[in-house]
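These notes are about the structure you will find just below.
Throughout, read-outs are computed from the coordinates displayed, never taken from laboratory work. Quantities reported herein were computed from a predicted structural model and do not represent experimental measurements. Cβ atoms come from the backbone with ideal geometry, glycine included; neighbour counts cover every protein chain shown.
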Amino acid sequence: MNVARKVLDGFLTESGVISHRPTTTFLKTKKANTFIVFNTIFGSLGNFIILLLFVLFEKRIEVHSMLMRLLYSRYFMFGLAISIVLSFSAPMVVGSLNSETSLPTSSPIYFLNQENATFVFLLTSTEIVRGESDLIIGIQFTYENGTFITDSDIYFNITNPSAELVFERSLLVNTTELFNETVIWSTFNSQPDGNYSVVAVANSTTTDHYIIKRSFNLNILPSGRVRMFFPSNPAYIQHSQSNDVRCLITNIGGETVTNVTVTNQFDKTGTQGSVIISHSILDIALTEGTTYEGFISFYPDTYLYQKYSFSISYRTIAEPEIELILSSDPIEIIVPPDILVDSYFLPENVTMGRQYSMTFDVRNNQSEALNIVPHIECNNILFSESISESIVVSPGIHHFSLTGDPQEEGNVFLWFWVELEWETIAETKWYSTILPSVIHPILIIPKDDGIDIFNPIVIYGIILGMVLLSVAYFSRDIVTNIAKRGRVASESAFAEASYPLDAVILDGSNIAWEEKNLADKPKISNVEAMINRLSRANFAKIITVADAALRYQIDNQKRLDRLVKEGAVKMLPARVDGDKFILRLAEEENAMIVSNDMFKEFRETAPWIDQRRIPYTILDDEVYLHPTSAKLTSRDLSEEEENESEFI
């Protein structure tokens with residue numbers, strides 16, 4: 001989809017700052033909602049079909065009851081709710097993700113939000129002299145609140161009084177500060193004097209176009225004057241051979257000059273090493289605005305970094321008897337050692353909250369160690385390691401890694417270059433480039449807090465997840481039914497002991513301690529298994545009593561508290577004799593007692609203990625009940641009904 005961006009006319013101030021408030025554009029599509037609704041419907045139907053197969057497999061459960069249980073299943077309703085929530089949130093999630101990509105985009109779902117911006121474009125001087133002055137331009141392009149524009153693009157050009165193009169340049173902005181851009185003096189060689197126009201355009205995908213016009217006057221010296229410079233500066237040459245370096249001599253004044261001659265070198269600085277210099281630039285005449293092209297030969301004996309200036313003499317037509325002497329622009333001569341950046345890796349996409357690494361390999365083929373300085377500049381990315389500091393590289397191949405931490409999402413540009421550090425004779429530091437600046441775009445995407453619903457893997461993952469949840473829920477029933485049938489078959493094959501009373505008291509503490517866990521603590525699962533087992537033994541009333549200390553000894557306090565809250569377990573107060581209370585309660589309720597405690601100290605006051613106490617065994621969470629030690633007779637039962645025993 002093509003996005004048409006409207007160019008608005010801004011207000012141009014005297015300070016060269018242009019700003020206005022563009023309209024906000026919001027685009028969206030209904031395709032996401034439609035797709036997700038169908039996904040939800042068919043996903044739910046798929047769940048019902050899969051579960052129906054399990055219903056048919058488990059023949060002992062009726063189809064109608066199984067479907068009813070499905071509708072009331074907490075797992076199914078939870079999964080369905082998640083699917084519906086994702087359905088309605090899909091357009092927002094997808095829009096948020098796609099808004100991070102470069103605009104315009106071919107995606108049918110995206111958001112374009114134009115924001116206010118400020119563009120500053122200033123000339124430091126409105127009067128320059130041809131051949132002497134550089135044109136320096138101050139530039140700043142930010143959002144109105146001063147924050148960084150990730151994909152800003154600035155273009156400007158210069159035209160002469162005849163409206164002919166003299167200079168043009170495009171550049172990317174990598175800072176929120178005001179920075180300088182220089183148009184060197186040689187740009188205006190042979191150009192006439194007069195008024196020159198400068199037109200600048202600033203643009204980005206999140207702002208409108210901004211246009212600023214500026215002008216300056218170019219002046220020419222009335223008398224003849226020469227200037228010598230080197231177009232390729234610094235000049236990279238080879239050692240142990242002759243290297244011709246191109247030089248230009250321009251008459252920047254308003255009259256002819258004669259006898260232009262380059263004499264010996266005027267100044268030399270830099271590192272150690274000798275260089276043989278020769279040339280043949282003698283007695284040249286130059287009219288106004290013309291340029292002579294010549295060569296100076298350099299023959300170095302080793303790798304080095306040196307800077308030279310040459311003296312140049314000339315005469316003017318107005319005063320031919322006077323010899324004028326000037327110094328040339330300096331020329332940097334670099335004989336690079338055999339060291340290079342073999343390879344480097346810069347990521348294209350990074351995620352907020354996740355660190356990433358950029359790596360580069362350096363090969364030093366010299367027989368001695370050299371110093372390099374890596375440079376990284378990138379807005380919205382913080383590097384943990386120290387950068388722009390000297391690193392000693394010994395002979396061989398070395399691998400370096402820098403870790404970046406994204407600070408703000410959006411499109412950013414990373415500037416990466418590597419320099420070689422030189423130690424001069426004057427013990428100062430000079431630097432030359434071994435890897436030119438690499439401008440690399442990086443997309444910082446937000447944290448993956450949402451789910452891309454349009455990804456087929458996610459779609460089928462949601463459906464499969466709901467199916468698995470439902471299968472897990474109903475497979476529990478299937479396994480439980482199979483185990484139940486096994487227990488029923490076992491119990492029918494071996495007759496279980498019968499008990500004369502229909503009420504039972506469980507000694508909860510004794511049961512919990514019967515089988516301890518690996519940490520030597522009583523198990524709450526023993527109590528739960530015993531309650532479940534007795535519920536199948538036709539007891540009309542089941543009461544579980546536990547000592548107060550058990551709560552602090554049990555392996556799972558929460559499960560015990562839940563049983564207490566549900567009324568399945570009665571906790572005795574502190575300092576209450578649990579055994580005495582159990583016997584008293586059994587007497588009052590006319591109930592059996594499940595315990596492996598022999599109650600020896602109460603035999604005289606409760607001679608019926610052996611007739612009512614049901615011993616048990618717990619093996620692998622399975623409970624086995626045993627017959628009592630003696631059976632009650634009808635006479636015993638009548639006597640107990642008439643005479644109540646008291647326990648002091």
Q) Expressed as a whole number of Å, what is the distance separating the alpha-carbon centroids of the stretch 187-221 and the stretch 283-344? A) 30 Å
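Dividing the Cα radius of gyration by the Kirkwood radius, what Rg/Rh value follows for the stretch 305-424?
On the way: Rg = 22.6 Å, Rh = 18.1 Å.
Rg/Rh for the stretch 305-424 comes to 1.25.
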Q: Determine, for each peptide in 425-438, 203-216, the mean count of other beta carbons within 10 angstrom over its residues, then list the peptides with the highest first.
A: 203-216, 425-438
**Q.** Karplus (6.51, -1.76, 1.60) ³J(HN,Hα), θ = phi - 60°, over the stretch 594-606, in Hz, Gly and Pro reported as x
**A.** 9, 6, 9, 7, 7, 6, 4, 6, 10, 5, 6, 7, 9
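Compute and list, largest first, the equivalent-ellipsoid semi-axes of the stretch 382-437 from the alpha carbon gyration tensor, each √(5λ) rounded to a whole angstrom. If you can, show how the numbers build up before the last one.
Details: eigenvalues 151, 41, 26 Å².
Each semi-axis is the square root of five times an eigenvalue, giving 27, 14, 11 Å.
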Q.
Taking 8 Å as the Cα distance limit and 6 or more residues as the minimum spacing, I'd like the relative contact order of the stretch 290-380 as a percentage.
A. 22 percent
Q) So what's the stretch 180-221 giving for Cα Rg divided by 2.2 N^0.38 Å, two decimals? A) 1.56
Q: Please work out the ratio of the alpha-carbon Rg of the stretch 499-538 to 2.2 N^0.38 Å and round it to two decimals.
A: 1.31
Q | Gain upon complete extension [S274, K541; 0.36 nm per residue less C-alpha separation] | A | 85.1 nm
Q.
Please state the shape class of the stretch 187-245: rounded when a/c is under 1.5, otherwise prolate if a/b exceeds b/c and oblate if not, all from the C-alpha gyration tensor.
A. oblate
Q. For the stretch 572-629, what value does the Rg/Rh ratio take when both radii are computed over Cα atoms and Rh is the Kirkwood radius, given to two decimals?
A. 1.00
Q) Among I154, L171, L221, whose Cα lies farthest out toward the positive end of the dipole of the stretch 144-277, if unit charges sit on the beta carbon of Lys, Arg (+1) and Asp, Glu (-1)? A) L221
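Beta carbons within 10 angstrom, averaged per residue: use that to sort the peptides 127-140, 285-298, highest first.
Final packing ranking: 127-140, 285-298.
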Q) Once you treat every alpha carbon in the stretch 234-344 as an equal point and sum by Debye, what is log10 I(q)/I(0) at q = 0.16, 0.21 Å⁻¹? A) -0.76, -1.09
**Q.** Cβ crowding within 10 Å averaged over residues, with 547-555, 392-400, 580-588 ranked highest first
**A.** 580-588, 547-555, 392-400
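Could you tell me the convex hull volume per residue, in Å³, taken over the Cα atoms of the stretch 158-204? Don't jump to the answer; show the numbers that get you there.
Details: hull volume 4.6 nm³, N = 47.
Taking only Cα atoms, the stretch 158-204 has a hull volume of 97 Å³ per residue.
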Q) Computed over the Cα atoms of the stretch 148-268, what is the ratio Rg over Rh, Rh following Kirkwood? A) 1.08
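State whether the stretch 490-598 is rounded, prolate or oblate according to the following rule on the C-alpha gyration tensor (a ≥ b ≥ c being the square roots of its eigenvalues): a/c under 1.5 gives rounded; otherwise a/b larger than b/c gives prolate, and the remaining case gives oblate.
Values: a/c = 1.83, a/b = 1.27, b/c = 1.44.
Judged from the Cα gyration tensor, the stretch 490-598 comes out oblate (a/c at least 1.5, b/c at or above a/b).
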Q.
Which residue, P330, Y344, Y303, has the largest displacement toward the positive end of the dipole of the stretch 211-355 when charges sit on each Cβ (Lys, Arg +1; Asp, Glu -1)?
A. Y344
Q) What list of whole percents do you get for P(r) of the stretch 217-257, with Cα-Cα distances grouped in 10 Å bins up to the one holding the largest distance? A) 25, 33, 23, 15, 4
Q: May I ask you to list the residues of the stretch 406-435 whose amide nitrogen lies under 19 Å from a point 7 Å from Cα along the Cα→beta-carbon direction of V392?
A: 419-424, 427-430
Q | Cα pair distances of the stretch 281-335 binned at 10 Å [whole percent] | A | 16, 43, 25, 12, 2
Q: At q = 0.24, 0.26, 0.29, 0.31 Å⁻¹, what is the base-10 log of I(q)/I(0) for the stretch 559-605 according to the Debye formula with one equal point scatterer per Cα and no solvent? Please give it to two decimals.
A: -1.05, -1.13, -1.18, -1.20
